[in-house]
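Peer 1: Here it is, the structure, as structure tokens.
Where a number appears in this text, it was derived from the coordinates with a stated rule and is not lab data. Owing to the predicted nature of the structure, the values given are computational and were not obtained by experimental measurement. Using ideal geometry, Cβ is built from the backbone for each residue, glycine included, and neighbour counts are taken over all protein chains shown.
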Amino acid sequence: MFITVDDRYRRAAVITLHGEFDISGVDAVTEAVETLFSASRRYLLVDLHHLAFLDMAATGALLRCRAAAACAGVDLQIAGSRGFVRRVLDIAGVLPLLERAVARDRFYTTLVAVS
């Protein structure tokens with residue numbers, strides 16, 4: 001797995017996960033999210049569009065990141081889950097907690113407006 005971060009916005013950022021997110025990537029994702037908290041971001045989108053695999057350790061990490069974000073006053077949500085990744089999140093019962101009905105394009109439009 002590799003991570004890209006689009007932090008060109010003053011108050012928001014997008015973290016895109018690529019490949020397979022399993023226990024080996026938990027620390028890297030957590031660190032990327034926490035780094036953006038300290039950069040005074042108020043909105044974070046974790047884009048899963050390019051993610052092919054996700055295990056329960058990764059699912060737990062996303063939930064912990066969301067909880068930490070809420071404690072820091074940051075609105076974290078996921079977008080772009082599909083196929084196997086979406087099914088894992090749905091079966092785990094966490095999809096409604098992590099994902100709001102938001103299109104990535106609309107989120108980017110919102111980023112420009114709030115930044």
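Peer 1: Between CYS71 and ILE23, what is the label-to-label distance in nm when each label sits 7 Å out along the Cα-to-Cβ direction?
Peer 2: Each label point is offset 7 Å from its Cα along the Cβ direction, giving 2.3 nm.
Peer 1: Let me ask you something else. Using a simple charge model, +1 on the beta-carbon of Lys and Arg, -1 on the beta-carbon of Asp and Glu, nothing else, what dipole does region 2-114 show about its Cα centre, in debye to the nearest 20?
Peer 2: Working: 13 positive and 13 negative charges, 102 e Å.
Computed charge dipole of region 2-114: roughly 480 debye.
Peer 1: Something else: Suppose R0 equals 25 Å; then what is the FRET efficiency for ARG87 and THR35 from their Cβ-Cβ distance, rounded to the nearest 0.05? Don't jump to the answer; show the numbers that get you there.
Peer 2: On the way: r = 30 Å, r/R0 = 1.19.
Here the calculated transfer efficiency is 0.25.
Peer 1: Compute the signed sum of charges (Lys and Arg +1, Asp and Glu -1) over the other residues within less than 13 Å, Cβ to Cβ, of VAL85.
Peer 2: On the way: positive: ARG82, ARG86, ARG87; negative: GLU20, ASP22, ASP47, ASP55, ASP90, GLU99.
Charge balance in the 13 Å sphere: -3.
Peer 1: Related question: What fraction of the DSSP beta bridges in the chain is antiparallel, stated in percent and rounded to the nearest 5?
Peer 2: Details: 5 of 20 bridges.
So the antiparallel bridges amount to about 25 percent of the total.
Peer 1: Give me the percent of Cα-Cα pairs in region 2-114 that sit more than 23 Å apart, rounded to a whole number. Don't skip to the end; give the middle numbers.
Peer 2: Values: 1205 of 6328 pairs.
Pairs farther apart than 23 Å: 19 percent.
Peer 1: How far apart, in nm, are two points set 7 Å out from the Cα along the Cα-to-Cβ line at HIS50 and at VAL5?
Peer 2: 1.6 nm
Peer 1: Which ³J(HN,Hα) values in Hz, rounded to whole numbers, follow from the phi angles of region 51-64 under the Karplus curve 6.51 cos²θ - 1.76 cosθ + 1.60, where θ = phi - 60° and Gly and Pro get x?
Peer 2: Each residue's phi maps through the Karplus curve to give 8, 9, 8, 8, 10, 5, 5, 5, 4, x, 5, 4, 5, 5 Hz.
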